[in-house]
1. Any residue in segment 218-238 that's closer than 18 Å to Gly255 by Cα and among the aliphatic types (A, V, I, L, M): show its pairings with residues that are surrounded by fewer than 22 Cβ atoms within 10 Å (Cβ to Cβ) and at pLDDT 85 or above at Cβ separation under 6 Å, as long as the two are six or more apart or on different chains.
2. Any residue in segment 346-371 that is assigned to a loop (DSSP other than H, G, I, E, B) sitting within a Cβ distance under 7 Å of a residue that is among the hydroxyl-bearing types (Ser, Thr, Tyr) and surrounded by 14 or more Cβ atoms within 10 Å (Cβ to Cβ)? List the pairs, counting only those 6 or more apart or interchain.
3. Out of all the residues in segment 435-443, is one or more in contact (Cβ under 8 Å) with a residue 12 or more places away in the chain, assigned to a helix (DSSP H, G or I), under 27 Å from Glu339 (Cβ atoms) and β-branched (Val, Ile, Thr)?
4. Going through segment 32-85 one residue at a time, which ones are under 24 Å from Arg119 (Cα atoms) and surrounded by fewer than 13 Cβ atoms within 10 Å (Cβ to Cβ)?
5. Assess whether Gly498 counts as being farther than 28 Å from Arg428 by Cα, open to solvent by less than 60 Å² (accessible area, probe 1.4 Å) and not in a helix (DSSP H, G or I).
6. I'd like to check something: does segment 95-116 contain any residue that is without any contact (Cβ under 8 Å) to a residue 60 or more places away in the chain, open to solvent by less than 30 Å² (accessible area, probe 1.4 Å) and farther than 17 Å from Pro73 by Cβ?
7. Could you please find all residues in segment 517-565 being open to solvent by less than 20 Å² (accessible area, probe 1.4 Å), within 20 Å of Asp431 (Cβ to Cβ) and not small (Gly, Ala, Ser)?
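The values are calculated or read from the model by the stated rules, or taken from the named source; none is laboratory data. Predicted, not measured: the structure shown is a model, and the values here were computed from it. When we count neighbours, we look across all protein chains shown, and the Cβ atoms used for this are built from the backbone with ideal geometry, even at glycine. Side chains are part of the model used for accessible areas, which takes the heavy atoms of the whole protein and leaves out ligands, DNA and RNA. Shrake-Rupley method; radii C 1.70, N 1.55, O 1.52, S 1.80 Å.
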Amino acid sequence: MAPPQKIRLGDLLIQQGLLTEEQLKLALEQQRATGRKLGRVFVDSGYVTEEGISQALARQLRVPFVDLKSFKPQPELLKLLNEAQARRYRALVIAEEDGMLKVGLVDPTDLQVYDDITRIVRREIDIVVVTETQLLAVVDRVYRRTEEISGFAKELTAELGETAVDFGDMMGLTTDADDAPVVKLIHTVFDEAMRTKASDIHIEPEEKKLRIRFRIDGVLHIQTEADIKVAGALALRLKLMSGLDISEKRLPQDGRFNVKVRNASVDIRISTLPTQHGESVVMRLLSQSGGLLKLDSINMPPKVLEVLRRSISKPSGIVLVTGPTGSGKTTTLYAALNELNSTERKIITVEDPVEYRLPGINQVQVMEKIDLSFGRVLRAALRQDPDIILVGEMRDQATAEIGMRAAMTGHLVLSTLHTNDVLSTAVRLLDMGIPRYMVALSLQLVMAQRLVRVVCEHCRAPHVPTPAEHAWLRVALGQTDALPEVYAGAGCNQCNGGGYQGRTGVYEFLEMTNEIVDSINDGDPNVYVQAARQQMVGNTLRADALRLVLAGRTTVDEAMRITGQTDD
């Protein structure tokens, strides 16, 4: 292809009817005053869209315009330009055809960029036009910092060498600590975790290597692997950051610290566990910059939201949210607290650990090692004249009984319980030794929830169900007629090839009506189960998961994972 030619963007847009003379005049005045690029001024002023500019350039130059939303990156081609070059030149190698490279450019009229890229790749290139926003989004996603992390790990390995090292001096506490390889490694790991929206970082020593994994949308992904010699230095530095005992390597420890990554304040919960090959470190990332979620913003179905709001608006009783670890229970409770928080109410939380700092709320961290248990804090909290109490988890009989009594004496209590579903919650409380009358009178609402991955909207396509998925759909729909169309993600740059992007909640609930209360007081558990099943028709995890499947928001495979294939 011949080298590009310079084009006056304003004249081109006027010629194609996308801009007026008056708009160009105003934009040029803004450009002179602010120094911004003229195309950016057009977009920011609302005169024309980014796609409009790119398509106009493509028409003028008679080259293709490529929508990068569905772009599938090819690693071997991407490596022809490193991340710094991709960002500097606003360029991306997107394909290879007949020995010629297709390169997406934001500004296809820049002769210098064309010459530089041709020199770097040492190949003949064919230009296509892309938008800047889409190109930068692709760069953010596809240029993983795995190599950079591995590089810092190797640098740290070289510094440690084969001899003993004074970790205390290297970690700390020297004036150039910020330049130490371990600090660079940790900072890069945190930066990459935030960029990929990871919820947890797992640092796991094995016999001959150290493995670092990220949990993204509930699934673990290997980020990098390093020499096992790095493990001790990494764990030691993280212990120093979180104020843990660096001399204790035989016992588990828990702590927390705060870091600023990508202009966001992030609370890090850290847990260390001694393993056969060293200390395993797991860190939970809790971003504080986005503000606390509200009930309206967590995509709860309207029916569930209405029932929850009705229950938390009552002056007393217990609202329980159940589900396995990592199912979003804490998020739901914090969103409810955020809605209840006001100057007229005294709210006390008893948590282990305190995950989010809430202004205007008295939060207490349980510390078992000094005998500051849930039960002890709860007893003290009741003497503080609270209106609302949040108990992080009802993990034993004493905690559950105190919470139940508080609910019966005029307090609203919010808490979680580890059960598989709503039906087993009352049975679990009875098994814990809570009197039957107390369970019946104090419970207001029991919710169970799970998190399912959301199909990537950029690569969503119709999906042919497998035989197992076909059977699940027939059972869930209760029919044998033709099944509705379902969807799955094919994988694209927006979802890192996984077909999913983000997660959303799936819920079921049981309100304590008079009939349910009577069935709990009845000595036969089958009476309670039958009454609860009748009330929960259409309000089960399966029904809610099916709703998301039919709406194309999740896959049948995800729905099966959280509800099972045949259980009711």
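1. Leu236/Ile246
2. Glu355/Thr330; Tyr356/Tyr334; Ile361/Thr349; Val366/Ser373
3. yes
4. Selection gives Arg62, Pro75, Glu76, Lys79, Ala84.
5. Considered against the rule, which asks whether it is farther than 28 Å from Arg428 by Cα, open to solvent by less than 60 Å² (accessible area, probe 1.4 Å) and not in a helix (DSSP H, G or I), Gly498 comes out as yes.
6. Taking every residue of segment 95-116 in turn, at least one turns out to be without any contact (Cβ under 8 Å) to a residue 60 or more places away in the chain, open to solvent by less than 30 Å² (accessible area, probe 1.4 Å) and farther than 17 Å from Pro73 by Cβ.
7. Once the filter is applied, which keeps residues that are open to solvent by less than 20 Å² (accessible area, probe 1.4 Å), within 20 Å of Asp431 (Cβ to Cβ) and not small (Gly, Ala, Ser), segment 517-565 yields Ile520, Tyr528.
For (1) at pLDDT 85 or above; (2) under 29 Å from the mean Cα position of the chain (by Cα); (3) exposed (fewer than 14 other Cβ atoms within 10 Å of the Cβ), each residue gets a yes or a no:
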site	(1), (2), (3)
Ala164	no, no, yes
Leu185	no, yes, no
Val189	yes, yes, no
Ile203	yes, yes, no
Gly232	yes, yes, no
Ser247	yes, no, yes
